[in-house]
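The next block holds one structure in the form of C-alpha cells; read it before the comments.
The values are calculated or read from the model by the stated rules, or taken from the named source; none is laboratory data. This one's a predicted model, so the numbers in the text were calculated from it and none came from an experiment. Every residue, glycine among them, receives a Cβ derived from its backbone with ideal geometry; neighbour counts consider all protein chains shown. The area values use the complete protein model at the heavy-atom level, side chains included, leaving out ligands, DNA and RNA. Shrake-Rupley method; radii C 1.70, N 1.55, O 1.52, S 1.80 Å.
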Amino acid sequence: MCGIVGYLGHRDAYPILIKGLKRLEYRGYDSAGVALINDNGDMNIYKAKGKVVDLENVCSDKNISGCVGIAHTRWATHGEPSAINAHPHYSESKNLAIIHNGIIENYAQIKKNLISKGVHFVSETDTEVLVQLIEYIQVHKKLDLLTSVQVALRQVIGAYAIALLDKRNPNQIIAARKASPLVIGIGDNEFFLGSDASPIIEYTDKVVYLDDENIAVMRLGEDLQVTNIDNVKLNPDVQTVDIDLGQIEKGGFPHFMLKEIFEQPECLRNCMRGRISKKGVVLSAITDHREQLANAKRFIIVACGTSWHAGLIGKQLLETFCRIPVEVEYASEFRYRNPVVGPDDVVIAISQSGETADTLAAIKLAKEKGAFIYGICNAIGSSIARATDTGTYIHVGPEIGVASTKAFTGQVTVLLLLSLALAKERQTISCEEYNKVVKYLLKVPEAMKEVLKVNKRVADLSRIFTYAHNFLYLGRGYSYPVALEGALKLKEISYIHAEGYPAAEMKHGPIALIDSDMPVVVIATHNEMYEKILSNIQEIKARKGKVIAIVTKDDEVISKIADEVIELPDTLECLEPLLATIPLQLLAYHVAVCKGKNVDQPRNLAKSVTVE
Ligand code: M6R
C-alpha cells in the first residue's frame, strides 16, 4: 500500500527520499512522486506512473536540489494510476504540497463544496481535496498552517497519514496520522519521515510513532512538536528501534520471498527466545493478564489472509490443549455483522503488519463490546500492537515479500506457545504431554533446516507444473489450513487459480475437477488421518490427477502411488504445519519464478492493506 518518505535537515533530500521509496517498494504501488524545496525557495514536484526507477528517469534532467522534501509511492484508490493522480499534490496556489496514505471517505462532499467556492482540481484523488481544503481554510480564515491542518482534519472522515510542505516556510514539514501508520525519525538537527521505520533506520534509531489524530511539526533547529487535532500539546514518546539494515536487504538471495523462506529456522529461534525455560513456556502477556486470559469463556480469532490461516491452526491448538471454544473470523466480516461478543470473550487479533484496516476495525468493535484483546503482531509499535490490551510479538524480523511466509510460521509458533502456557494455567494438559510438545517444538528450527534441503527438488518439479491453470491443495486436521495457505501462496504470486480443501470434502464437489491436467498437492504426513488421506490419493490417481504428496520421511506406500513426493522429518502432529508449509511456499515461489512473475511485488497486491 502507499508509502511515505520525508526529510528535513542539512543533507541533499533527493537521494534520501529515493532510497526510502525503494525500501518501501515491498508495500506495492503503481506510481511515485517527490516534492523538493530548493535553496531559491522554489518547490518542484516530479511524478511518474510505474516504478521508482521511472520517477528517477523523470528527474534525471530536473533540478533535484534542496534539503527538504517529501516523496510517495501510490497504490490507486481514487482515480487510475497516472502521473496526474500520483502524489505529491499541489494546492491551487502551488504554495502547499501534500502526500497522503489512506482514504478520505467524505472527499466527494468536501470537493463539491470547494468547487462551489471556485477551487479548481487537477486530479481525481481524495488527497488533492485535502490539500485544497487546508489551503482554503488557511486563506479564508487567515490561520497559520498548523491551525489550518487541525481545522481541516476535524472535518475529515476516514484514514490518513499525511506530510505537508509549504514553500513559504521551507524549514518545516507538518505530518499527521489517523488509522494509517506514520513514523518520525529524529537525527542530529534533522528529521526523517516514513510510513514505517524502514526508510529511517539507516540514519537514526530514535523514532516517534504518531498516535491517531496527532499532528507533528518538524522545524529545523527546534525539537519535535506534537499536538492533537484540538491543539492540545503532547509529549512525543521517543523510542529506540532495533532493526538491523541487513534484515531489510536481500542478503544474496534473488528475491526477498526466498530469503524469508530460508530465514524461518532462525526466525523461529528468535520467536521462542526467552519464552521457553526450564519452567516451561513463559509469556509476559499471560503473566500480566492471567485472570482475563486463563478464565476466558471463549476465544475469537480475527485476522485476514495468511494470518487468518494461522488463526485456523490456532483454533485447533487452543481447543486441543486448553479446552476452550474458539471461533475464527475474517476480520472484514466480523466488523460488519454485529457479532455476539462480550466481557467474557478474549479476541485474538493476528496481523503481520499490524496495520490491516479490517483487523483494526474488528478490534475496535470488540473493545466497544467489552472483550479483552490480545494481539499477535510482527511490526513493533504498529497500530494493532498499540490498539490491543496485551499481546505477543512474533519477532521474525521485517517481512518484505508481499507473500507472507516467515510471519505465518511465527504466528503459528506464538499460538502454540500461548496454547501451552494457557493449558498449564488451566491444568488441561498433562505434564507428560506438555513436556513432549515443548521438547519437539525446540527441535523444529533444525527440522526446518532439513526441510529447506528440498529447495532444489521443488525447483525442478515446479518446471513440470507451470502449464497448469488450476491447482488443488488437500489436507486434514492441522494440515487443512496448511492446504489453504499453500493455495493462497500459489494464487498470489503465480496467478494460477488454486483452491485449498479439507481432503474429505473432495468427494462433495472438487473431485469433478480432477483429470490428467489437474495437479493436486496433498499433505499426507504420517498421523491419525494417514489411511484416509491415502484413500483420497487413490481416488485422485484413479481419475488420472497428478499428485504432489508431502509425506513423512521413509513413507513407502504413498511414494509408490504419487507422481511427486516431498519428504518431511517426523514430528508431532500439532507441529506439522511448521514444516509442511515450507515446501508449499517453495512450490509457489519456483512456479512463479518459472513463469517470470514479479515474486516480491505481485500485481494488484499490497503488503500492508491499510484501506478496506
Ligand atoms: O499484515 P496482515 O497479517 O494483517 O495481513 C493480512 C493479509 O493481507 C495478508 O496475510 C495477505 O493475505 C498476504 N499477502 C498473504 O501472503
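Brief remarks follow.
- For the range 245-452: rounded, prolate or oblate by the Cα gyration tensor [a/c cutoff 1.5]: oblate
- Qualifying chymotrypsin sites (Phe, Trp or Tyr not before Pro) in the range 323-384, where qualification requires a DSSP coil assignment and no more than 14 other C-beta atoms within 10 Å, comprise TYR336.
- Note: relative contact order over the range 521-612, using C-alpha pairs below 8 Å and six or more positions apart, is 21 percent.
- Pairwise Cα separations in the range 69-187 fall into 10 Å bins from 0 onward with the following percentages, short to long: 14, 51, 32, 3, 0.
- Ordering of 581-590, 55-64, 85-94 by packing [mean C-beta count within 10 Å, highest first]: 581-590, 85-94, 55-64
- Qualifying lysines (Cα of each under 16 Å from Cα of LYS250; at least 8 residues distant if same chain): LYS19, LYS22, LYS259, LYS406
- For the range 1-132, the convex hull drawn through the C-alpha positions has a volume of 94 cubic angstrom per residue.
- Taking the 1.4 Å solvent-accessible surface of the range 1-109 as the whole, the part contributed by carbon and sulfur is 48%.
- The residues of the range 128-196 expose on average 31 square angstrom of accessible surface per residue, using a 1.4 Å probe on protein heavy atoms.
- Both numbers refer to the Cα atoms of the range 456-549; Rg and Dmax are 12.4, 36 Å.
- Taking amide H as placed 1.01 Å from N in the peptide plane, the amide H of ARG543 sits under 5 Å from none that are at least 5 places away or on another chain.
- Axial C-alpha extent at least 24 Å, average Kyte-Doolittle at least -1.0 - helices from the chain (DSSP): 305-322, 406-426, 431-452, 576-594
- From helices alone, the chain scores -11000 deg cm²/dmol at 222 nm; the rule is -39500 (n - 2.57) for each run of n ≥ 4 DSSP H residues, then divide by the residue total.
- For the range 3-243, the alpha-carbon radius of gyration amounts to 0.92 times the rule-of-thumb value 2.2 N^0.38 Å expected for a compact globular protein.
- Annotation: the antiparallel percentage among DSSP beta bridges lying fully within the chain is about 60.
- Rounded to the nearest 20 debye, the dipole size of the range 245-452 about its Cα centre is 440 debye, using +1 on the Cβ of Lys and Arg and -1 on the Cβ of Asp and Glu.
- Dipole magnitude for the range 3-243: about 600 debye, using +1 per Lys or Arg Cβ and -1 per Asp or Glu Cβ, origin at the Cα centre.
- With 10 Å bins beginning at zero, the pair-distance distribution over Cα atoms of the range 524-579 amounts to 25, 56, 18, 1 %.
- Over the range 425-503, the pair-distance histogram of Cα-Cα distances with 5 Å bins from zero comes to 3, 12, 13, 16, 20, 14, 9, 6, 5, 2, 0 percent, rounded to whole numbers.
- Given R0 = 45 Å, the distance between the Cβ atoms of GLU327 and SER82 translates into a calculated FRET efficiency of 0.55.
- Kirkwood hydrodynamic radius over Cα pairs of the range 1-71, then Stokes diffusion coefficient at 20 °C and 1.002 mPa s, in µm²/s: 179
- Semi-axes of the equivalent ellipsoid of the range 207-336 are 34, 25, 19 Å, computed as sqrt(5λ) over the eigenvalues of the C-alpha gyration tensor in descending order.
- Given charges at beta-carbon only (K, R positive; D, E negative), |dipole| of the chain in Debye: 320
- Stokes-Einstein translational diffusion, the range 234-290 - Kirkwood Rh over all Cα pairs, 1.002 mPa s, 20 °C, in µm²/s: 146
- Alpha carbon convex hull of the chain, projected area averaged over orientations, nm²: 28.0
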